[in-house]
Amino acid sequence: MEMLEEIAFGLKAGDEEVYVWLRDQLKECGASELSVELAMGVIAKLLPEDAQGNLELAEHYNRRWAN
């Protein structure tokens, strides 16, 4: 339970590392790219607005550097 609380706290704070770690965990469990994007999108929408902004910016840079 402690791990879930830490993940939730990191996401609510807009911690990019937690967001990326969670995305990677979903991929490692065999989730399709579409499923991962959908799950992360839902998570981002449920977060406070300031955390949403931080994660959207992080996602933009992650996509930019991935190309």
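What follows draws every value from the coordinates through simple rules; no lab data is involved. Since we're looking at a predicted model, the values are computed, not measured. Quick reminder, even Gly has a Cβ in these numbers, built from the backbone with ideal geometry, and neighbours come from all protein chains shown.
Could the peptides 18-28, 33-43, 1-11 be put in order, highest first, of the mean number of other beta-carbon atoms found within 10 Å of their residues?
Ranking the peptides 18-28, 33-43, 1-11 by packing returns 18-28, 33-43, 1-11.
Output wanted: per-residue J couplings in Hz (rounded whole) for the range 18-33, from phi through Karplus 6.51 cos²θ - 1.76 cosθ + 1.60, θ = phi - 60°, x for Gly and Pro.
The phi angles translate into 5, 4, 5, 4, 5, 4, 5, 4, 4, 5, 5, 7, x, 5, 5, 4 Hz.
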